[in-house]
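Undergrad: Starting off with a structure, shown below.
The values are calculated or read from the model by the stated rules, or taken from the named source; none is laboratory data. Everything numeric here is computed off the predicted structure, so don't read it as measured data. With ideal geometry, Cβ positions are generated from the backbone for all residues, glycine too; neighbour counts draw on all protein chains shown.
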Amino acid sequence: MKKFAWLFAFILPFLLTACGSNDDFQGRFIAPDGLTSYQFMSKGKVNINKGGEDIALVEYQYDSGEQIITLSGETDLATDTLTVNDNGDLVAGEITLTRGIDYGMLADSTWIGQQDQFVFALTFTPSVEGMQTTSELVTYYDDDMTYLSQIDDSITRLSGSAMFVDLTQYTASEVNEDSFKISIGNNSMVLEKQPKGTGIEYREGYESLDEEP
């Protein structure tokens, strides 16, 4: 069997408006340790998670004019003030929290990327079991002009900058509303958002291989 040469397996677009309502700011931001995330939600709540475990649920106030976020709650926090910089990241002193993917960003969408001889597509569907994921990895073989398409069904979960598709761990970075980069080992690929169900366009001139058992 020709095996995978490599596998590829929360940010809602936040809004900056003048009204200053808490719900104007939403998204998921990752601390420099790659383990800690801040998930801004509706009704002025932010969930702080570290290593996949929720450690605090606190309130926030967002001043859109000053682009300042103030955190408050019973939990002792390392900082209670965050500044939204021009790149959309959050700054607390010398620490910058960068935007990360979140479940809202992934829900009901397809993401496709291409790197060298590989094309990868992920389609996400929310369910009671979690973020169900259908993945397709297409590997092209130039020597005999063939390709192998391998499809899998999984559950995706997020922890810090890590993206787990079942047991396979990727790192997500360079996140914006329409694309993000996933990496595994020394390999990386930029995935771009497509309408849900968008399929991979196979290269002309290549013939499909039947996957061997």
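Undergrad: Are there any pairs, at least 6 apart or on different chains, whose C-beta atoms fall under 6 Å, with the first in the stretch 26-55 and within 12 Å of Ala162 (Cβ to Cβ) and the second basic (Lys, Arg), and if so, which?
TA: Once the first residue is within 12 Å of Ala162 (Cβ to Cβ) and sits in the stretch 26-55, its partners that are basic (Lys, Arg) give Leu35/Lys50; Thr36/Lys50; Ser37/Arg28.
Undergrad: Let me ask something additional. Within the stretch 127-159, can you find the residues that are part of a loop (DSSP other than H, G, I, E, B) and either more than 28 Å from Gly205 (Cα to Cα) or in contact with a Pro (Cβ under 9 Å, 6 or more places away or on another chain) (or both)?
TA: First pass over the stretch 127-159, keeping only residues part of a loop (DSSP other than H, G, I, E, B): 128-129, 142-145.
If the condition is that a residue be part of a loop (DSSP other than H, G, I, E, B) and either more than 28 Å from Gly205 (Cα to Cα) or in contact with a Pro (Cβ under 9 Å, 6 or more places away or on another chain) (or both), then Val128, Glu129 are the ones that fit.
Undergrad: Which one of these is at pLDDT 95 or above, surrounded by 13 or more Cβ atoms within 10 Å (Cβ to Cβ) and assigned to a strand (DSSP E or B): Ile200, Ile182? Before the answer, list the steps.
TA: Numbers: Ile200 fails: assigned to a strand (DSSP E or B).
Criteria check complete, one pass: Ile182.
Undergrad: Which residues, counting only those in the stretch 99-117, are of a type outside the set (D, E, K, R) and crowded, with 19+ Cβ neighbours inside 10 Å?
TA: Residues of the stretch 99-117 of a type outside the set (D, E, K, R): 100-101, 103-107, 109-115, 117.
Once the filter is applied, which keeps residues that are of a type outside the set (D, E, K, R) and crowded, with 19+ Cβ neighbours inside 10 Å, the stretch 99-117 yields Gly100, Ile101, Met105, Leu106, Thr110, Trp111, Ile112, Gly113.
Undergrad: Report yes if some residue within the stretch 147-158 is within 22 Å of Gly88 (Cβ to Cβ), within 14 Å of the chain's Cα centre (by Cα) and surrounded by 13 or more Cβ atoms within 10 Å (Cβ to Cβ); otherwise report no.
TA: First pass over the stretch 147-158, keeping only residues within 22 Å of Gly88 (Cβ to Cβ): 158.
Filter once more, so that each one left must be within 14 Å of the chain's Cα centre (by Cα): 158.
Next, from what is left, pick out any that are surrounded by 13 or more Cβ atoms within 10 Å (Cβ to Cβ): 158.
Looking through the stretch 147-158, at least one residue is within 22 Å of Gly88 (Cβ to Cβ), within 14 Å of the chain's Cα centre (by Cα) and surrounded by 13 or more Cβ atoms within 10 Å (Cβ to Cβ).
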